[in-house]
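Participant: One structure, pasted below without further comment.
The values are calculated or read from the model by the stated rules, or taken from the named source; none is laboratory data. Keep in mind that this is a model prediction, so the values were computed, not measured. A quick note on method: Cβ atoms are made from the backbone with ideal geometry, for glycine too, and the neighbour counts reach across all protein chains shown. What goes into the accessible areas is simple: the full protein's heavy atoms, side chains included, and nothing from ligands, DNA or RNA. Shrake-Rupley method; radii C 1.70, N 1.55, O 1.52, S 1.80 Å.
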Amino acid sequence: MRSLFLKIFLSYWLALALFLVLAILTTLVMRPATETSSLHAQQDKLLADTVQAYESGGEEVARRFAHGVRDSQHARLYLFDEQDRELLGHSPPEWIMRVQRGQVRTAESWLGRLRPIQFLRPSMTTSEGHRYNMVIELPPEPHGVFGPHGVPGLGILIAVLSSGFVCFVLARYLTSPIVQLRVATQKLAAGDLTARAGSPQSRRHDEIAELMRDFDRMAGRLQDLVNSRARLLTDISHELRSPLARLNVALELARQRAGPEVGSALDRIDRESNRVNELIQRLLTISRLEAAESIEKLPVDLQYIIQEIARDAAFEAQTRHCQVETIFGETCVVVGSPSLLHSAIENVVRNAIRYTSEGSCVQVRLQRGQGAGEEAVVRVTDDGPGVPEDSLEKLFHPFYRIDDARGRHTGGVGLGLAITERAVRLHGGSVKAANSPGGGLVVEIRLPLAVPEASYPVIQKTSIAPVRHSLD
């Protein structure tokens, strides 16, 4: 049982119901009804009077006496001799014979008083040496429900149901704030910084209520910190763009006035300037994605976007003698921003080209996912060294690089995959990385497909049939 609510509810209910039932049954055992109490006290006299009526007047007189007792005290009498013969002319049922043989507990014991039908079994031996046994079937209690003779079933039923209601309210009162806190925690973990547990009832000041208030204060503080960081990145990026623009202008003027002997130094300055400019652009992009709550929604054919990315990437891969191979299955149309989707997939492909082995092939596969929901799956596979298992999830964190030296060598700053993760998440999808069994890294992007009944025209749709080809 994994639900805290059910654990509290069932535990309290079982304990309270058990207590009530035992209390009722104990009271019933310890306090028998007045009518049955009188029969307890008179059982020996009833047996003696019945035996006297039988010995003096025979079966008929004894039967009339037993009928008188039944009419006045509502108790049935059965008289037996040593051979278990019934002497009042009755045909005793099986349970009476079992009482006569001592196989059933009588009302003399507390277990016998819990039975739905209670009995007494007095016995006597006359002066002539004859032994008689009598079975007295006691009258039923007027409030019996489950059994007609003495068990207060209606009282037990009401007690159990009322205790269940009380326990339900108590368990709900204890666990409802925890459920709210859990939902808010899940939203916060998913990136929703506006998630709050909500203020508990104004009169509630216990530990759980204080925990909810502390969570809301923590979430608010986290939201302020993240927003401050995003604003700082945006402000710094904007402030750096103007000096970089002036630096590029000065660099062009220097080229015109300088001689050929400083050309290589100026080229190095130009490359570094472009690199800083690209970093600033990526910082602005990731800041916009962090702050974005919605995106433009247009139908986009992923096959066209991947073909365009593959053509550009194949040209870049020539410097390392690599190839880019694309494999297409069914047509996959998603709804979203064409530019964001292009950037998300391109960052993964360019990252694969950067780290794949020289002279190898980077494969980009597009297909429909196998699962409950309709998804488009973009899978990019390289032939590089792979990634340590403990770093796979960190690949999509901003500025994370497995090896700083390798990052400087390849020109990466650790923002490309972070942009991919945020762009894919804005489209309702997911991205993950895994090491390929044969070596290399596999990055898988999953995006929800557009609904089939969409009536608007597909943006960037091509009529190219699904093929498998490679670009050199």
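Participant: Translational diffusion coefficient, Stokes-Einstein: compute it for the range 217-348 using the Kirkwood radius over C-alpha pairs as Rh, at 10 °C and 1.306 mPa s, and state it as an integer in µm² s⁻¹. Show your work: numbers first, answer last.
Facilitator: Values: Rh = 18.7 Å.
So the translational diffusion coefficient is about 85 µm²/s.
Participant: While we're on this one: Sequence-distant or interchain residues sharing an amide H contact under 5 Å with Arg76, placed H: which?
Facilitator: The list, which skips near neighbours in sequence, is Glu137.
Participant: Also: Quick query: amide H of Ser357 versus all other amide H atoms, modeled in the peptide plane; which residues come in under 5 Å with a sequence gap of 5 or more or a different chain?
Facilitator: The answer is Asp383, Gly384.
Participant: Considering only protein heavy atoms and a 1.4 Å probe, what is the carbon-and-sulfur percentage of the accessible area of the range 259-341? Write down the numbers at each step before the final one.
Facilitator: Values: 2170 of 4210 Å².
Its accessible area is 52 percent carbon and sulfur atoms.
Participant: Find how many whole Å separate the alpha carbon centroid of the range 218-260 from the alpha carbon centroid of the range 325-358.
Facilitator: Cα centroid of the range 325-358 versus Cα centroid of the range 218-260: 28 Å apart.
Participant: Please state, as a whole number in µm²/s, the translational diffusion coefficient that the Stokes-Einstein equation yields for the range 308-372 at 4 °C and 1.567 mPa s, with Rh defined as the Kirkwood radius across alpha carbon pairs.
Facilitator: Values: Rh = 12.9 Å.
Translational diffusion coefficient: 100 µm²/s.
Participant: A follow-up question, please. Output ³J(HN,Hα) for the range 80-85: one whole-Hz value per residue in order, computed from phi by the Karplus curve 6.51 cos²θ - 1.76 cosθ + 1.60 with θ = phi - 60°, and x for Gly and Pro.
Facilitator: For the range 80-85, the Karplus curve yields 10, 9, 5, 8, 6, 8 Hz.
Participant: Tell me, what HN-Hα J-couplings in whole Hz come from the Karplus equation 6.51 cos²θ - 1.76 cosθ + 1.60 at θ = phi - 60° for each residue of the range 350-366, using x for Gly and Pro?
Facilitator: With the stated coefficients, the range 350-366 comes to 5, 5, 5, 5, 5, 10, 6, 5, 5, x, 9, 10, 9, 9, 10, 10, 10 Hz.
Participant: Also, quick follow-up: So what are the ³J(HN,Hα) numbers for the range 213-222, from phi and the Karplus equation (6.51, -1.76, 1.60; θ = phi - 60°), rounded to whole Hz, Gly and Pro as x?
Facilitator: 5, 5, 4, 5, 5, 5, 5, x, 5, 4
Participant: For the range 215-351, what does the accessible surface come to per residue with a 1.4 Å probe? Please give it in Å².
Facilitator: On the way: 7700 Å² over 137 residues.
Ligands and nucleic acids excluded, the figure is 56 Å² per residue.
Participant: For the full complex of protein chains and a 1.4 angstrom probe, list Ser360, Ser38 by accessible area with the highest value first.
Facilitator: Result of the area sort, largest leading: Ser38, Ser360.
Participant: A follow-up question, please. Per 0.36 nm of contour for each residue apart, how much would the distance between Leu222 and Glu393 grow if the chain were fully extended, relative to their Cα-Cα spacing?
Facilitator: Numbers: separation 171, 0.36 × 171 = 61.56 nm, distance 2.15 nm.
Fully extending the segment from Leu222 to Glu393 adds 59.4 nm.
Participant: Still on this structure, please answer the following. Under a plain spin-label model, where a point goes 7 Å from the Cα along Cα-to-Cβ, how far apart in nm are Val183 and Val166?
Facilitator: Those two pseudo-labels are separated by 3.0 nm.
Participant: Straight-line reach only, C-alpha to C-alpha below 17 angstrom: list the aspartates and glutamates that Lys297 could link to, leaving out same-chain residues fewer than 8 apart.
Facilitator: Candidates past the 8-residue exclusion: Glu375, Glu453.
Participant: Net charge near His130, counting Lys/Arg +1 and Asp/Glu -1 over other residues with Cβ under 9 Å of its Cβ? All intermediate terms of the calculation are to be shown ahead of the outcome.
Facilitator: On the way: positive: Arg131; negative: Glu55, Asp81, Glu82, Glu128.
Result for the local shell: -3.
Participant: Computed over the Cα atoms, what is the radius of gyration of the range 295-340 divided by 2.2 N^0.38 Å, N being its residue count? If you can, show how the numbers build up before the last one.
Facilitator: On the way: Rg = 13.0 Å, N = 46, 2.2 N^0.38 = 9.4 Å.
Cα Rg divided by the expected 2.2 N^0.38 Å: 1.37.
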